[in-house]
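First comes the structure, then the notes that go with it.
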Amino acid sequence: MFESFRFESPQYLWLLIVVAVLAVIRAITYFNQRRRLQKFGDPELLKQLMPDVSRWRPFIKFCLLELALVCLILMLARPQEGNGLSQEKRQGIETVICIDVSNSMMARDVSPDRLQRAKMMVENMVERFTNDKLGLIVFAGDAFVQLPITSDYVSAKMFLSNINTSMIRNQGTDIAAAIKMANHCFTQKEHVGKAIIVITDGEDHEGGVTEAARQAHENGRNIYVLGIGSTNGSPIPDPDTGGYMTDSKGETVMSRLNEEMCREIAQAGGGAYIHVDNNSSAQRLLDEELDKLEKGETTVYSNYEDHFQVFGFIALFLIILEVCLLDRKNPLLKNIKIFKK
């Protein structure tokens with residue numbers, strides 16, 4: 001039952017906050033009124049002076065109006081129940097892309113550099129997405145979610161353009177942290193392909209990555225590793241000096257792609273390793289691998305029936321009842337006392 005129930009215009013449910021605010025105002029007004037009456041005289045004496053005043057009727061009338069307001073808000077939100085079933089092919093997959101932003105990604109053994117090349121590949125991938133969802137994670141010595149999984153491709157491109165090597169101060173390449181984080185970024189939908197794409201040069205990884213990849217694969221994720229760079233190595237540009245980064249001995253640091261480690265991650269994650277260089281074959285191979293993922297089927301409701309009329313009749317009944325209920329005691333019933341001292 002609840003699976004087929006929905007609100008056509010759920011934004012109106014925010015108006016329920018007004019109901020809570022009115023209840024708070026009513027409570028404050030009631031306690032202020034009681035405080036003023038206590039200052040005016042003895043409560044028992046005041047009760048005898050006002051025999052027709054009812055203590056509970058105003059409160060009941062207020063509750064009736066509150067319930068009527070709730071029903072009117074639910075009417076605006078248009079509650080609906082699905083009454084027509086159909087099978088629909090789900091054409092999209094879910095992909096979380098983990099991009100290495102360590103300093104070594106500034107090496108220029110691929111054009112224009114490793115990081116820019118990675119961003120270009122992701123942008124091309126987004127261009128061919130239709131019903132897919134994707135998320136972005138950046139990592140170096142730490143990892144954090146740059147964009148939660150979404151089908152908003154415009155936002156994805158915007159967040160992608162802002163990725164750079166200065167985002168994370170803690171240097172290193174903690175691929176395990178990125179995979180563990182990506183493992184929890186997917187939706188709970190079943191029978192849909194879920195892929196983790198790691199784009200890295202694989203240098204200076206922190207360990208535990210094979211175990212993290214294996215655990216993610218057991219949870220239904222396929223891990224694809226895009227190893228970017230050259231195994232021969234390349235110097236890392238230093239933006240501060242305009243030259244290249246050096247070690248403690250003053251020698252130029254050479255960054256090399258760790259292909260062996262990249263293959264181990266892909267194998268443990270049930271995916272594939274793809275080497276990224278200056279030609280376009282890596283993009284084609286990645287697209288082919290993603291096309292192999294399960295698209296699946298899901299049950300959807302093709303027709304919904306409105307039920308706002310029910311809440312309208314309830315609201316009308318409550319308003320009529322509130323109007324008919326007097327603030328003062330009923331003269332025919334005021335002498336009837338159920339509880340006697």
Of 189, 133, 194, which has the most accessible area and how do the rest follow, probe 1.4 Å? 189, 133, 194
Extension length gain for residue 324 and residue 31 (0.36 nm per residue less Cα distance), in nm, is 102.9 nm
Given the peptides 207-220, 11-24, arrange them by the average over their residues of other C-beta atoms within 10 Å, most packed first. 207-220, 11-24
Show the residues, 5+ positions off or on another chain, whose built amide H is closer than 5 Å to the amide H of residue 95. 133, 134, 135, 195
Need one value: the accessible area of residue 260 in square angstrom, 1.4 angstrom probe, rounded to the nearest 10. 130
In whole Hz, with x marking every Gly and Pro, tabulate ³J(HN,Hα) for the range 214-223 from phi via Karplus 6.51 cos²θ - 1.76 cosθ + 1.60, θ = phi - 60°. 5, 5, 5, 5, 5, 8, x, 9, 9, 10
How large is the accessible surface per residue of the range 107-161, computed with a 1.4 Å probe and reported in Å² as a whole number? 43
What number comes out for accessible area per residue over the range 201-252 if the probe is 1.4 Å? Units Å², please. 53
Residue 184 accessible area, nearest 10 Å², 1.4 Å probe? 150
As a test question: what accessible area, to the nearest 10 Å², does residue 5 have when a 1.4 Å probe is rolled over all protein chains in place? 80
Under 5 Å between amide hydrogens, which residues at least 5 positions from residue 233 or on another chain qualify, with H placed 1.01 Å from N in the peptide plane? 257
Karplus 3J(HN,Hα) series, Hz, for the range 182-195 with 6.51 cos²θ - 1.76 cosθ + 1.60 (x for Gly, Pro): 5, 4, 9, 8, 7, 6, 8, 5, 9, 6, 9, x, 10, 10
FRET efficiency for residue 188 and residue 7 from the Cβ-Cβ distance with R0 = 25 Å, rounded to 0.05, comes out at 0.75
Heavy atoms only, probe 1.4 angstrom, no DNA, RNA or ligands counted: give me 78, 55, 26, 35 ranked by accessible area, highest first. 55, 35, 78, 26
Say each of residue 124 and residue 253 gets a label point 7 Å from the Cα, pointing the same way as Cα to Cβ; how far apart are those two points in nm? 2.9
Using the Cβ atoms and a cut-off under 14 Å, what net charge is assigned to the surroundings of residue 212, where Lys and Arg are +1 and Asp and Glu are -1? -2
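The values are calculated or read from the model by the stated rules, or taken from the named source; none is laboratory data. In this text the structure is predicted, and so the values were computed from the model without any measurement. Please note: Cβ atoms are built from the backbone with ideal geometry, for glycine as well, and neighbour counts cover all protein chains shown. We work out accessible area using only protein heavy atoms, side chains counted, and drop any ligands, DNA or RNA first. Shrake-Rupley method; radii C 1.70, N 1.55, O 1.52, S 1.80 Å.
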